[in-house]
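The values are calculated or read from the model by the stated rules, or taken from the named source; none is laboratory data. Here the structure is a predicted model, which is why all the values come from computation and not from measurement. Note that we place each Cβ from the backbone using ideal geometry, even for glycine, and neighbour counts take in every protein chain shown. Calculation scope for accessible area: heavy atoms of the full protein, side chains included, ligands and nucleic acids excluded. Shrake-Rupley method; radii C 1.70, N 1.55, O 1.52, S 1.80 Å.
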Amino acid sequence: LFYRKKRNNNIWGILRCKYVVDFKTGLSKNLNIKTLNKINLFYDYTKETNKDTIYETLFNENFNIFDNVILEKEPYFKPRVKGIYNINILSFNENSIDFEVNTTEPAVILYADNYTKDWIAYNIENSKEKYEVICADYIYKAISIDKGYHKIRFEYKPLSFIIGAWISMFSWIIFISCYVILILKKKFFSVQ
């Protein structure tokens, strides 16, 4: 959907696109626009559940993608006023990102990576402290945080992976058990 509609700086900025390739000539063009960071902090949000309305709002040139995020649910910690913040990414791979953030006011953190229900977010120093992951800006994910210091991990944990890991573990246990039984039987029968 994002590519079919007339593209503007909002869409290139949301998609974090700095270069565009012309498929006819094969040449790339630098768009020279500001784009979202991998991790972004917002003190202003709009709640909208209708995907078509979200889509149209993002294409509106008057909508500021750097000051406002569109959430599909109300955040637990509701930003009320702008504060001061600092974000530092600690580590990043295809399945997780760790970062620390210090904010003087409640805020919304946007992780500019595709949303699926299989992403979780929690406090690294206390894994029992979890954050609700909300679909944001049509395609990304977000959490709300209270003021203060937070060390957060977004992690991709699909149920299929967890089930597969358990099946693999039990398969290895059965395999090793059968192997040990065969060796013991072989030793027992070779002694007699």
(request) Could you list, in sequence order, all residues of the stretch 31-59 that are among the polar types (S, T, N, Q) and either open to solvent by less than 70 Å² (accessible area, probe 1.4 Å) or closer than 21 Å to Thr116 by Cβ (or both)? (result) Thr35, Asn37, Asn40, Thr46, Thr49, Asn50, Thr53, Thr57
(message) Phe66 - would you say it is among the hydrophobic types (A, V, I, L, M, F, W, C) and assigned to a loop (DSSP other than H, G, I, E, B)?
(response) yes
(message) Consider the stretch 102-154. How many of its residues are within 8 Å of the chain's Cα centre (by Cα), crowded, with 17+ Cβ neighbours inside 10 Å and not hydrophobic (A, V, I, L, M, F, W, C)?
(response) 5
(message) What pairs come out if I take residues in the stretch 10-25 that are more than 25 Å from Ile54 (Cα to Cα) and pair them with residues that are open to solvent by 40 Å² or more (accessible area, probe 1.4 Å) whose C-beta lies under 6 Å away, six or more apart or interchain?
(response) Val21/Ser28
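Looking at the stretch 33-48, can you tell me whether even one residue there is more than 21 Å from Ala107 (Cα to Cα), out of contact with any helix residue (DSSP H, G or I) (no Cβ under 8 Å at 6 or more places or on another chain), assigned to a loop (DSSP other than H, G, I, E, B) and not acidic (Asp, Glu)?
The initial filter retains those residues of the stretch 33-48 that are more than 21 Å from Ala107 (Cα to Cα), namely 33-34.
Keeping just the survivors that are out of contact with any helix residue (DSSP H, G or I) (no Cβ under 8 Å at 6 or more places or on another chain) gives none.
No, that holds for no residue.
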(request) Could you check Ser28 against (1) closer than 30 Å to Asp98 by Cβ; (2) of a type in the set (Gly, Ala, Ser); (3) exposed (fewer than 12 other Cβ atoms within 10 Å of the Cβ) and say which number it fails? (result) (1)
(request) Determine, yes or no, whether Asn93 is at negative phi, modelled with pLDDT of 95 or more and polar (S, T, N, Q). (result) no
(message) So, Ile87, is that one modelled with pLDDT of 95 or more and not in a loop (DSSP other than H, G, I, E, B) or not?
(response) yes
(message) Can you find a residue that is touching a helix residue (DSSP H, G or I) at 6+ places or on another chain (Cβ under 9 Å) and surrounded by fewer than 12 Cβ atoms within 10 Å (Cβ to Cβ) anywhere in the stretch 62-76?
(response) yes
